[in-house]
Every structure is written in structure tokens, then in C-alpha cells.
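The values are calculated or read from the model by the stated rules, or taken from the named source; none is laboratory data. Just so we're clear, the structure is a prediction, and the values are computed from it rather than from any experiment. When we count neighbours, we look across all protein chains shown, and the Cβ atoms used for this are built from the backbone with ideal geometry, even at glycine. Surface areas here come from the heavy atoms of the whole protein model, side chains and all, with no ligands, DNA or RNA. Shrake-Rupley method; radii C 1.70, N 1.55, O 1.52, S 1.80 Å.
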Amino acid sequence: ALKLREERKKAAASFEKSLQNILKTLNMNKVSFMVKFHESKEKGFTMNGIDNVEFLISTNLGEPLKSLAKIASWGEISRIMLAFKTILADVDEVETLIFDEIDTGISGQTAQVVGEKLKSISSKHQIICITHLPQIASMADEHFLIEKSVIDDTTQTTVYRLNYKEKINEIGRLLGG
């Protein structure tokens with residue numbers, strides 16, 4: 001258990017630095033992140049070791065580090081999850097990453113940066129991304145439109161692969177017309 005604690009602390013230092021660097025590329029320029037270890041309240045050790053781990057974050061300059069679970073906005077959580085998945089994908093060598101509505105709470109320049117980050121990750125991994133933002137959708141190699149309809153009191157979902165012209169029309173629709 002003590003060996004596991006030491007290995008986790010070594011990994012945490014690298015993880016903190018990597019996460020902060022990625023978040024800075026995602027328009028979170030003033031972010032601070034720390035992995036905090038608390039000794040488990042259970043006596044002895046468990047199959048997970050003797051520590052509980054908490055992620056602390058400050059997204060604004062001058063604010064103290066606080067529990068990620070308590071303070072992050074939806075837009076911040078979207079970018080933090082993208083950063084987590086980026087780091088873990090490189091370590092786990094996961095072939096496919098799925099981002100469901102990674103655009104929650106972001107827009108404008110931040111959406112552009114998130115789209116560029118996803119495009120960059122796609123050079124090493126297959127990305128499946130559900131988005132409503134044209135800045136992100138425009139970066140994709142392939143596009144699918146998901147539509148829901150009600151037929152005989154039953155909701156049906158249909159997925160269409162879009163050709164180039166349909167892709168342009170759909171991104172235009174996302175832009176508002």
C-alpha cells in the first residue's frame with residue numbers, strides 16, 4: 001500500500017503538469033490543478049490502497065484551489081474532461097474516444113480551440129464527437145446527422161451519413177441559417 005502511494009504521488013506530479021498545460025491550450029490560461037491525497041478513513045488498506053484521491057482546481061487567478069466536484073462550470077468540466085481523456089488516451093492507448101456534447105457551456109473562440117484539440121487528437125485516435133457547435137463540427141473528417149421522429153407514438157432515431165454538400169448545409173444550419 002505504501003509503494004502504491006509513492007507511485008501514485010509520482011504519477012500525480014506529472015499528471016498535474018500535463019493537465020494544466022492542456023487546459024491552457026483550451027483557453028483556461030489561469031488554471032491551477034492539484035491532486036490531493038487523504039489517508040483513507042478505513043482501517044488498514046483496501047484493494048485500492050490506503051489513500052483517497054481528490055482533484056483540486058482553481059480556474060481563476062487569485063482564487064484558492066477547491067474540489068473539482070464542487071466548483072467547475074459545465075464549460076470548464078467539458079474542457080477538463082477533454083484534457084483528462086487526452087492524457088489517459090496516450091497512456092492507455094485507447095483506439096476510440098467518445099465525446100458526447102463536449103461543447104456544453106462553451107462558444108466562440110473556446111469552441112474553436114476545443115475543435116482544434118479534437119482534430120489534433122484524431123491523428124492518433126478515432127474520435128466520435130456529438131456536438132451542436134459549427135466550430136467543432138467543421139473539424140470532422142466524417143459527418144453524421146442524428147434525427148429523432150415520432151411514428152405511431154414511438155420515437156425513432158435515424159442516423160444519416162452526410163456527403164460534402166450536406167455537411168456544408170448542416171454546418172450552415174448550426175450557424176443559424
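Summary of computed values
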item	result
Accessible solvent surface per residue of region 1-98, calculated while the other protein chains remain in place, 1.4 angstrom probe, Å²	65 Å²
Sulfur and carbon atoms: percent of accessible area, the chain [1.4 Å]	52 percent
Sparse-neighbour loop sites [GluC sites (Glu not before Pro); region 16-59; at most 16 other C-beta within 10 Å; DSSP]	Glu42
Phi-based couplings in Hz for region 86-100 (Karplus 6.51, -1.76, 1.60; Gly and Pro marked x)	4, 5, 5, 5, 5, 7, 7, 6, 5, 7, 10, 10, 10, 10, 9
Hz values of 3J(HN,Hα) by residue in region 51-64 - Karplus curve (6.51, -1.76, 1.60), Gly and Pro given as x	10, 9, 10, 10, 9, 10, 8, 10, 9, 10, 4, x, 9, x
Amide proton proximity set for Ile130, modelled H, under 5 Å, gap of 5+	Phe99, Asp100, Glu101, Ile102
Longest exposed-site-free window of the chain, the sites being trypsin sites (Lys or Arg not before Pro) in a DSSP loop that have at most 10 other C-beta atoms within 10 Å	44-177
Computed label-point distance, nm, for sites Leu61 and Gln126 using a 7 Å Cα→Cβ extension	4.4 nm
Cleavage-rule hits, GluC sites (Glu not before Pro), region 134-177, DSSP coil, Cβ neighbours within 10 Å at most 11	Glu142
Directionally averaged shadow of the chain, computed from the convex hull of its alpha-carbon atoms, nm²	14.2 nm²
Backbone HN-Hα couplings from phi across region 74-81 [Karplus 6.51/-1.76/1.60, Hz, Gly and Pro as x]	4, x, 5, 4, 4, 6, 5, 5
Long pairs among Lys85/Lys165; Lys3/Lys30; Lys3/Lys70; Lys9/Lys119; Lys9/Lys30; Lys24/Lys148, criterion Cα-Cα beyond 28 Å	Lys85/Lys165; Lys3/Lys30; Lys3/Lys70; Lys9/Lys119; Lys24/Lys148
